[in-house]
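Okay, so here's the structure we're looking at.
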Amino acid sequence: MAAPLMMGVVEVSENDIKIISMNPTVARFFELDEKTMLGKTVEQLGMPKDTIKDWIKFYRHALETGQSHDVGYWHETGQGKRFLSGKINFIEYDKNGKPLFSFIIQDTTEMKLARQELERQENFLETILDNIPDMIFVKDAKDLRFLKFNKAGEDLIGYNRRELIGKNDYDFFPPEQANDFTGMDKKVFEGRRMVEIAEEPIETRFRGKRILHTKKIPLFTPNGQPQFLVGISEDITEKKEAQEMQKKVYQEQVARQEIEKLLEARDEFISIASHELKSPLSSLILQAQMFKRNVSLGRDDLLSKEKIISMMDLTEKQVLRLDRLVNDMLDVSRIRTGKLKIDRMEFNLYDLIQDVLIRMKEQFLLSDSGEPKFTYTSRTIVGSWDHLRIEQVILNLLTNAIRYGGGGPIEVHLSQEKNFARVSVRDHGIGIAPELHEKIFDRFVRAINPSEVSGLGLGLFISMQIVKAHGGRMWVESKIGKGSTFFVELPLSK
Ligand code: ADP
């Protein structure tokens, strides 16, 4: 009688429920007194028809199954809706053949409301998580099993959350990948702070390999124990593809521009080369014509031995110039096709420089520079190099020093360093702008106006390739108006 639960016995007929017995709690709930209620049907007590129908249904169910039946019901009262929950049990048939039931019912409105509020909040969170386009998951720190997975995650991985929750990475991914993922999880807990993985490949069930940008955040209990790991992964596969595509387009563009630049340089080269070839040729033609005319006119005065020798000298010079130009062009094509060969033999670099200086003596004397000053640290610096090719490099540097040296003195220095021999050729001429210090070693590049000094812009390119083929280095130090020093370093051992 004193129980805070509503308890009693009812007799249930087709359309109504009669109260046979009950405790005071029932009367209190219905705000009626016990005497009024006992022996009355609920219809007589003013219970709405629909409510009566619902309850009869519950009792029938209990009768059919013969088991105790759980009920939960929002009951309309004078003070608004109350939630009743409890159990009803079939007892026996009474003498009228009507079933009797016991009921134990509790007013659990507050609990129900609290639970509903919790559900609402959970749904609210779930709705937000499911509408975020990035995959979000939560793992238990203990065994790294999944506790939560949002919709974007299900779509990406290809499993629904019922399949995912309670499982770990090894249930869904190839072992190696699962190792990577869980390894990283452990690191995140060790480091005790968020870790960002810029790019992480993942094998999915239906969408093949995808690339993720993932953030992993460790959560700890108030006393600092690892509790959860929250992961947020953005699928950047398309973004990355677009970036790659953009990069490719950009690279193609750059390549095209390079080609255009090269074509332009080639065209300029052809025009310069034709001009360069043309002037010795014109001069040769002119000489030949003059010689023929002098012979046919019988001008013996113009055909003296000295005259003929000087004419032949000139002819030789022009032919040699043509030969040099053609050789340079051949070298460029050899370099391009990788056919530049280095024939090594042991020789003394000092001797080679001396030879070149002697051979160029006339050219030096004809220029205002005069003979170069040659200094050295040793008269024997022997290495295994290509004699002809190294000679070509030194010749090129000295010819340039005359050409661009503005008639100032030229200095050649030879030294033996730790593992290499170094030659420098210094002039005091026009100098080279800093932005061209590397460029002048490119094909067809000429730093100065083509009309000013003749040259094909090939010498330094060829020299650089020769030096490189020896495993050496070549560079220039120069200031505009102050002259230039070209350096060549050749390794002493192959
Ligand atoms: P070329 O002399 O036939 O033009 P090179 O390849 O020998 O070709 O030289 C390339 C360019 O480098 C030259 O056109 C010139 O502008 C610049 N250059 C080379 N040597 C010197 C130097 N000693 N002083 C100033 N500029 C130089």
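Read-outs: derived from the displayed coordinates by stated rules, not from any lab. As the structure is a prediction and not an experimental result, all values here were calculated from the model. Cβ atoms come from the backbone with ideal geometry, glycine included; neighbour counts cover every protein chain shown.
Seen from PHE124, the other residues with C-beta closer than 12 Å to its C-beta sum to a net charge of -4, counting Lys and Arg as +1 and Asp and Glu as -1. What is the distance in Å between the Cα centroid of region 229-280 and that of region 128-145? So the two Cα centres are separated by 44 Å.
Backbone N atoms of region 95-114 closer than 20 Å to the 7 Å Cα→Cβ label point of GLN44 belong to residues 95-103. Couplings 3J(HN,Hα) of region 6-13, computed from phi: 7, 9, x, 10, 10, 10, 10, 10 Hz, in residue order, whole Hz [Karplus 6.51 cos²θ - 1.76 cosθ + 1.60, θ = phi - 60°; x for Gly and Pro].
Taking the charge dipole of region 200-286 about its Cα centre, with +1 at Lys and Arg Cβ atoms and -1 at Asp and Glu Cβ atoms, the residue from HIS213, HIS275, ILE285 reaching farthest to the positive side is HIS213. Given axes a ≥ b ≥ c from the Cα gyration tensor, I'd like to know whether region 51-197 is rounded (a/c under 1.5), prolate (a/b larger than b/c) or oblate. Prolate, because a/c is 1.5 or more and a/b exceeds b/c. Compared with the dominant Cα axis of the chain, that is its longest principal axis, helix 237-296 is turned about 10°.
In the structure shown, do any of LYS339/LYS439; LYS305/LYS373; LYS186/LYS239; LYS373/LYS418 have a Cα-Cα gap over 31 Å, and if so which?
Checking Cα-Cα distances, LYS305/LYS373 exceed 31 Å.
Using only the Cα atoms of region 275-387, build the gyration tensor, take square roots of its eigenvalues as a ≥ b ≥ c, and label the shape rounded, prolate or oblate: rounded if a/c is under 1.5, else prolate if a/b is larger than b/c, else oblate. Judged from the Cα gyration tensor, region 275-387 comes out oblate (a/c at least 1.5, b/c at or above a/b). The lysines within cross-link reach of LYS40, meaning a Cα-to-Cα straight distance under 28 Å and a gap of 8 or more places when in the same chain, are LYS18, LYS49, LYS53, LYS57, LYS81, LYS87, LYS95, LYS98. 3J(HN,Hα) along region 382-393: 9, x, 10, 9, 8, 4, 4, 5, 5, 4, 4, 5 Hz, from the Karplus curve 6.51 cos²θ - 1.76 cosθ + 1.60 with θ = phi - 60°, whole Hz, x for Gly and Pro. Given their separation in residues at 0.36 nm each and the Cα-Cα distance between them, LEU492 and ASP300 gain 63.3 nm when the chain is fully extended.
By count of other Cβ within 10 Å, fewest leading, how are TRP55, TRP385, TRP74 ordered?
Starting with the residue having the fewest Cβ neighbours, the order is TRP74, TRP55, TRP385.
The magnitude of the dipole of the chain, with charges of +1 and -1 set on the Cβ of Lys/Arg and Asp/Glu and taken from the Cα centre, is near 1180 debye.
With N the number of residues in region 322-415, Rg(Cα) / (2.2 N^0.38 Å) evaluates to 1.19.
Annotation: extensible slack from GLU316 through ASN348 equals 8.5 nm (criterion: 0.36 nm per residue apart, minus Cα-Cα distance).
Given H placed on each backbone N at 1.01 Å, which residues far from ILE410 in sequence or on other chains put an amide H within less than 5 Å of it? For ILE410, the qualifying residues are LYS373. Between amide H atoms placed 1.01 Å from N, distances below 5 Å from ILE17 occur with VAL42, GLU43, all of them 5 or more places distant or on a separate chain.
Each principal axis of the Cα atoms in region 142-276 has its own extent, and those three values, largest first, are 86, 35, 24 angstrom. The local environment of SER102, defined by Cβ-Cβ distances under 12 Å, has a net charge of -1 under the rule Lys, Arg +1 and Asp, Glu -1.
Each Lys or Arg adds one and each Asp or Glu subtracts one; over the other residues with Cβ under 11 Å from the Cβ of ILE358, this totals -2. Once backbone amide H atoms are built at 1.01 Å from N, MET22 has VAL9 as its partners under 5 Å, excluding neighbours fewer than 5 places away on the same chain. Normalised by the number of residues in the chain, the average gap of Cα pairs under 8 Å and 6 or more apart makes the relative contact order 7 percent.
Of the GluC sites (Glu not before Pro) found in region 12-42, the ones in coil according to DSSP and having at most 11 other Cβ atoms within 10 Å of their Cβ are GLU14, GLU31. Taking a straight Cα-Cα cut-off under 16 Å and skipping sequence neighbours fewer than 8 places away in the same chain, the lysines within cross-link reach of LYS307 are LYS292, LYS317.
Averaging the Cα positions of each part gives two centres, and for region 8-48 and region 289-324 these lie 145 Å apart.
Counting other Cβ atoms within 10 Å as a rough exposure proxy, the listed residues ILE91, ILE410, ILE52 run ILE91, ILE52, ILE410 from fewest neighbours to most. Can you find, among GLY338, VAL382, LEU357, the residue sitting farthest towards the positive end of the charge dipole of region 337-403, where Lys and Arg contribute +1 and Asp and Glu -1 at Cβ? Farthest towards the positive end: GLY338.
To check you understand DSSP bridge types, tell me what percent of the beta bridges within region 371-494 (both residues inside) are antiparallel, rounded to 5. Among the beta bridges of region 371-494, antiparallel pairing accounts for roughly 85 percent. If R0 is 30 Å, the Cβ-Cβ spacing of THR36 and TYR93 corresponds to a FRET efficiency of close to 0.65.
Looking at the square roots a ≥ b ≥ c of the eigenvalues of the Cα gyration tensor of the chain, which shape do they give, rounded for a/c under 1.5, prolate if a/b is larger than b/c, or oblate? It comes out prolate by the Cα gyration axes. For region 107-191, the C-alpha radius of gyration sits at 1.36 times the compact-globule guess of 2.2 N^0.38 Å, with N the residue count.
Computed from label points 7 Å out along Cα-Cβ, the spacing between THR221 and ASP323 is 9.4 nm. Run the numbers for ILE285 and ASN179: contour at 0.36 nm per residue of separation, minus the present Cα-Cα distance, in nm. Length gained, ILE285 through ASN179: 30.0 nm. With θ taken as phi - 60° and the Karplus curve 6.51 cos²θ - 1.76 cosθ + 1.60 applied, the whole-hertz 3J(HN,Hα) list for region 63-80 is 5, 4, 7, x, 10, 5, 10, 7, 10, x, 8, 7, 9, 6, 10, x, 9, x Hz, x standing for glycine and proline. Going from the residue with the fewest nearby Cβ atoms within 10 Å to the one with the most, LEU490, LEU63 rank LEU63, LEU490. Restricting the calculation to Cα atoms, region 230-280 yields a radius of gyration followed by a Dmax of 22.6, 81 Å.
When the Cα positions of TYR170, PHE103, PRO226 are compared along the charge dipole of the chain, TYR170 comes out farthest toward the positive end, with charges on each C-beta of Lys, Arg, Asp and Glu.
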